[in-house]
Amino acid sequence: MTFESSKNLSAIGALLMVIGFLGAVVPYAGILGLIGLILLLIGMKGLSNFYNEQGIFNNALYSIISAIVGGVVALGAVVILAVSALASLGIDLADISDWATLGTDLGALFTDISDLDAIFAFLGTAVVGLIILFVFAIISMYFFRKSMNQLSSKSGIGLFGTAGILMLVGAVLTIAVVGLILIWIGLILATIGFFQMKE
């Protein structure tokens, strides 16, 4: 793969990820983001070969893997905790007849303020899932920042370093909505950096 094709794949992939970040507003943006992620990884592999710096690709790959693992672990924890919370309410998910009244039972739970333990169990489930996602988001962006820093030092384009820092700070600030905005801005800067690259 040539430098030009690697650069173009990375730039187009990053641009599609920027669009994919707007999934709530743009229809099918999530699919574009996934395609962009794949193109970005392929392009980063080519760039790491061109610069003879395997850390560029490896750290980007570790970033993606940790994000996927974090999502799976968070989902698994939420499902396990939700099933145990439902079991504490006397709802047996193995019994098909309990499925028919599940919505009514949950509605009654949240309208009946007297059963605070069950409500806290469900809220605790959501909090555990968010904490797991938060930790893995920071780990993921830490690896992506390393990849961007290595690319910045090899290419001489400082925007990659700035993008990496913004995305890591954004991951730390995902508790507030401003963190997601910083990650999006970091993706935009990385996109601009890829388009500015010269052999």
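The values are calculated or read from the model by the stated rules, or taken from the named source; none is laboratory data. Please read these numbers as outputs of a predicted model, since none were measured by experiment. Quick reminder, even Gly has a Cβ in these numbers, built from the backbone with ideal geometry, and neighbours come from all protein chains shown.
Candidates PHE134, PHE144: the one that is among the hydrophobic types (A, V, I, L, M, F, W, C) and more than 21 Å from ALA77 (Cβ to Cβ) is PHE144.
Residue under question is PHE57, and the condition is that it be closer than 21 Å to MET1 by Cβ and either buried (at least 20 other Cβ atoms within 10 Å of the Cβ) or touching a Leu at 6+ places or on another chain (Cβ under 6 Å) (or both); does it hold? Yes; evaluated as a whole, the condition is true for this residue.
Quick one: is ASP117 at pLDDT 65 or above and acidic (Asp, Glu)? Against the criterion (at pLDDT 65 or above and acidic (Asp, Glu)), ASP117 qualifies. On the stretch given as region 1-29, residues that are exposed (fewer than 15 other Cβ atoms within 10 Å of the Cβ) and part of a helix (DSSP H, G or I) total 2. At pLDDT 90 or above, surrounded by fewer than 20 Cβ atoms within 10 Å (Cβ to Cβ) and not in a helix (DSSP H, G or I) - does that describe any residue in region 82-105? Checked against the condition, which is being at pLDDT 90 or above, surrounded by fewer than 20 Cβ atoms within 10 Å (Cβ to Cβ) and not in a helix (DSSP H, G or I), region 82-105 yields no hits at all. Being buried (at least 20 other Cβ atoms within 10 Å of the Cβ), more than 17 Å from LEU61 (Cα to Cα) and under 14 Å from the mean Cα position of the chain (by Cα) is the filter here, so list the residues in region 134-170 that pass it. If the condition is that a residue be buried (at least 20 other Cβ atoms within 10 Å of the Cβ), more than 17 Å from LEU61 (Cα to Cα) and under 14 Å from the mean Cα position of the chain (by Cα), then GLY170 is the only one that fits. For region 19-56, the set of residues classified as of a type in the set (Phe, Trp, Tyr) and within 14 Å of SER155 (Cβ to Cβ) consists of PHE50, TYR51, listed by residue number.
Name the residue that is farthest from PHE195 (Cα to Cα), counting only residues in region 1-35 that are in contact with a Leu (Cβ under 8 Å, 6 or more places away or on another chain) and among the polar types (S, T, N, Q). Once the filter is applied, the top-ranked residue is SER6.
Note on region 30-54: among residues that are farther than 21 Å from ASN149 by Cα and surrounded by fewer than 19 Cβ atoms within 10 Å (Cβ to Cβ), the one that is modelled with the lowest pLDDT is GLY30.
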